[in-house]
1. Can you pull out every residue in segment 69-95 that is away from the ligand (no atom under 14 Å from the Cβ) and touching a strand residue (DSSP E or B) at 6+ places or on another chain (Cβ under 8 Å)?
2. Does segment 112-140 hold any residues that are surrounded by 10 or more Cβ atoms within 10 Å (Cβ to Cβ) and acidic (Asp, Glu), and which are they?
3. Could we say that residue 95 is of a type in the set (Phe, Trp, Tyr) and over 11 Å from the mean Cα position of the chain (by Cα) here?
4. Check off (1) within 16 Å of the ligand (Cβ to nearest atom); (2) within 24 Å of residue 22 (Cβ to Cβ) for residue 59 and give me the number that stays unchecked.
5. From the list 104, 128, exactly one residue is within 10 Å of the ligand (Cβ to nearest atom), at pLDDT below 90 and not assigned by TED's automatic domain parsing to the domain that holds residue 36. Which is it?
6. Going through segment 48-72 one residue at a time, which ones are touching a residue at least 24 places away in the same chain (Cβ under 8 Å) and on the phi < 0 side of the Ramachandran plot?
7. Would you mention how many residues in segment 61-84 are of a type outside the set (D, E, K, R), more than 20 Å from residue 15 (Cα to Cα) and surrounded by fewer than 16 Cβ atoms within 10 Å (Cβ to Cβ)?
8. Cβ-Cβ distance below 6 Å, separation of 6 or more or different chains: which pairs start in segment 81-106 with a residue that is of a type in the set (Gly, Ala, Ser) and end on one that is part of a strand (DSSP E or B)?
Amino acid sequence: MTALTAPDLQRRLRQAGIAPTLQRLAVAAVLLPRPTHMTAEQVLRAAREQLPDIARATVYAVLQLFVARGLLKELPIDGAATVYDSNTGAHHHLYNLDTGEISDLPAEALQVLGLPALQPGLELAGVDVVLRVRGRPAGP
Ligand SMILES: [Zn+2]
């Protein structure tokens, strides 16, 4: 696991058309160095470790900006707070209803068959599957 250095983070923000302010870099440092799933409140707590004065509203605004510019995806998992995913490639998720844990499944881990015919003019942009499981993994 290699943490991105600050210049790397600045470059990623600039490539996405985002001016790298201190606040945006603090949020980027929490989410972007590795694939992760975090709620806005978790991001806020982690960002405050680097930038204690960062406002909640600022963190929420930065998250929306990052989503709009393709640096993050919002996960639609019902019953849970919005989760931000820093893995923006095609993949699926395993969601544990008992523990709340979300983990990635590679795109090739499952096949979706029998997609409905789309109306003319529509084009499939992606398929995200959430497998909901219960229980805890058995120990070794
Ligand atoms: Zn994910």
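The values are calculated or read from the model by the stated rules, or taken from the named source; none is laboratory data. If you're wondering where the values come from, they're calculated on a predicted model, not measured in any experiment. In this analysis, Cβ positions are derived from the backbone assuming ideal geometry, glycine residues included, and neighbour counts consider all displayed protein chains.
1. Step one: of segment 69-95, the residues away from the ligand (no atom under 14 Å from the Cβ) are 69-70, 78-79, 81.
81 - this is the single residue of segment 69-95 that is away from the ligand (no atom under 14 Å from the Cβ) and touching a strand residue (DSSP E or B) at 6+ places or on another chain (Cβ under 8 Å).
2. Correct list: 128 only.
3. yes
4. With (1) within 16 Å of the ligand (Cβ to nearest atom); (2) within 24 Å of residue 22 (Cβ to Cβ) applied to residue 59, the lone miss is (1).
5. The conditions single out 128.
6. The first filter runs over segment 48-72 and keeps only residues touching a residue at least 24 places away in the same chain (Cβ under 8 Å), leaving 50-51, 54, 58-59, 62-63, 65-66, 69-72.
Within segment 48-72, 50, 51, 54, 58, 59, 62, 63, 65, 66, 69, 71, 72 meet the criteria.
7. 5
8. Here the result reads 81/39; 103/94, each pair linking segment 81-106 to a residue that is part of a strand (DSSP E or B).
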